[in-house]
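Down below is the structure, laid out as structure tokens.
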Amino acid sequence: MDTKTWLITGAGRGMGVDFARAALAAGHNVVATGRDPEAVRSAIGDHDRLLATELDVTDAQSAERAAAAAVARFGRIDVLVNNAGNFFGGFFEELSPQQVRDQIETNLFGPMTVTRAVLPVMRRQRSGLVISISSTAGVVGGAFASAYAASKFGLEGWMEGLAGEVEPYGIRSMIVEPGFFRTELLQPESTTFAELSIDDYAERTAETIPAWQAMNGRQAGDPAKLARALVELADGDEPPLRWVAGEDAVEGVEQKARLLLAQVDAHRELSRSLAHDDARVAA
């Protein structure tokens, strides 16, 4: 197996640490990034093939510096993992406009910013793999996670479009849709709840926040297993365009697929009746 260079965002905690360790264990070079490189290095541990460097995914110049540092150290970037993210929990009306913007800034514009910095390197190489960590919330929207779902639905639409744009240059893409994994996403460092309070939502909010908090540390998914599986897929000849990761994720996405097909079928004839008369295709 050829040694590849992985650049991973959000590598100072949570899944990012597991991704970095799994890539190193597989014999790859890793550029592990975060806002605090010392915290990144401390979380992963010292390694000859590890470069810990600063990266704020919301800052274009920071992304460009991280990409340049990767090339300076290892000569190339073969795999980009857009992993950094956060969660703003709350009913839409109770989330402030700034909270919604912050959610999308990190979870959608962040991956776009880092990918924009890395793609020129991959185009010069005529090879590369861009991986973005989405969520089942990128397929199935849910109450109390509307802003998060918006950021992940947006991420998936962008990644699907990007796939066809960069494929002619030997660059592939992969969307990863994890279910609930035992990471640090629901800890206070990564989760922020709604700033506003509206009487109509107050009782439901008071019930929902403790329920989310109670899930922390009890999620079924093992992030170390997820990371090892991701490295295996990335090292394969045909990385999938989309990977639904976790038993709960498979169940949720299959249910959504059935629902979409049922919704199409329910109004099929009405939908097919909307063309101009002179544009109808003969049966």
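The values are calculated or read from the model by the stated rules, or taken from the named source; none is laboratory data. As the structure is a computational prediction, the values presented were derived from the model and not from experiment. Counting neighbours? That spans all protein chains shown, and the Cβs are built from the backbone with ideal geometry, glycine included. Just so you know, the surface numbers come from the protein's heavy atoms only, side chains and all, with ligands and any DNA or RNA stripped out. Shrake-Rupley method; radii C 1.70, N 1.55, O 1.52, S 1.80 Å.
Look at (1) surrounded by fewer than 18 Cβ atoms within 10 Å (Cβ to Cβ); (2) in contact (Cβ under 8 Å) with a residue 60 or more places away in the chain; (3) more than 29 Å from N216 (Cβ to Cβ) and you find that R49 fails only one, number (2). Please go through the range 154-191 and give me each residue that is open to solvent by 30 Å² or more (accessible area, probe 1.4 Å), modelled with pLDDT of 95 or more and under 15 Å from T106 (Cβ atoms), ordered by number. Once the filter is applied, which keeps residues that are open to solvent by 30 Å² or more (accessible area, probe 1.4 Å), modelled with pLDDT of 95 or more and under 15 Å from T106 (Cβ atoms), the range 154-191 yields only W158. If you go through the range 144-178 and keep only what is assigned to a helix (DSSP H, G or I), of a type in the set (D, E, K, R) and under 22 Å from G16 (Cβ atoms), you end up with K152, E156.
Based on what the data block shows, is A39 among the small types (G, A, S), over 18 Å from the mean Cα position of the chain (by Cα) and crowded, with 18+ Cβ neighbours inside 10 Å? Answer is no for this residue. Here's a check for you: in the range 1-11, which residue that is more than 16 Å from the chain's Cα centre (by Cα) and in a loop (DSSP other than H, G, I, E, B) is farthest from D78 (Cα to Cα)? Within the range 1-11, the match that is farthest from D78 (Cα to Cα) is M1. Restricting L80, L55, L51 to residues that are of a type in the set (A, V, I, L, M), under 25 Å from R126 (Cα atoms) and in contact with a Lys or Arg (Cβ under 6 Å, 6 or more places away or on another chain) narrows the list to L51. For the range 107-133, residues that are surrounded by fewer than 19 Cβ atoms within 10 Å (Cβ to Cβ) and β-branched (V, I, T) total 0.
Applying the condition of being farther than 27 Å from G141 by Cα, in a helix (DSSP H, G or I) and of a type in the set (A, V, I, L, M, F, W, C) to the range 233-283 and asking which residue is least open to solvent (accessible area, probe 1.4 Å) yields A234. For F19, the requirement of being more than 20 Å from V130 (Cα to Cα), open to solvent by less than 30 Å² (accessible area, probe 1.4 Å), in contact (Cβ under 8 Å) with a residue 24 or more places away in the chain and not basic (K, R) is not met. Does S146 fit the bill of being among the hydroxyl-bearing types (S, T, Y), touching a residue at least 40 places away in the same chain (Cβ under 8 Å), surrounded by fewer than 24 Cβ atoms within 10 Å (Cβ to Cβ) and within 20 Å of A211 (Cβ to Cβ)? Yes, satisfied.
Please tell me if V40 is touching a Phe, Trp or Tyr at 6+ places or on another chain (Cβ under 9 Å) and not hydroxyl-bearing (S, T, Y). Considered against the rule, which asks whether it is touching a Phe, Trp or Tyr at 6+ places or on another chain (Cβ under 9 Å) and not hydroxyl-bearing (S, T, Y), V40 comes out as no.
None of F87, F91 is open to solvent by 10 Å² or more (accessible area, probe 1.4 Å) and in contact (Cβ under 8 Å) with a residue 24 or more places away in the chain except F91.
Being open to solvent by 40 Å² or more (accessible area, probe 1.4 Å) and either in a loop (DSSP other than H, G, I, E, B) or aromatic (F, W, Y) (or both): is that true of G141 here? Yes. Just so you know, in the range 54-84 the residues that are assigned to a loop (DSSP other than H, G, I, E, B) and over 15 Å from the mean Cα position of the chain (by Cα) include one that is surrounded by the fewest Cβ atoms within 10 Å (Cβ to Cβ), and it is G75. Taking the range 85-115 as the region of interest, how many residues are modelled with pLDDT under 95 and within 26 Å of A227 (Cβ to Cβ)? Selection size over the range 85-115: 5.
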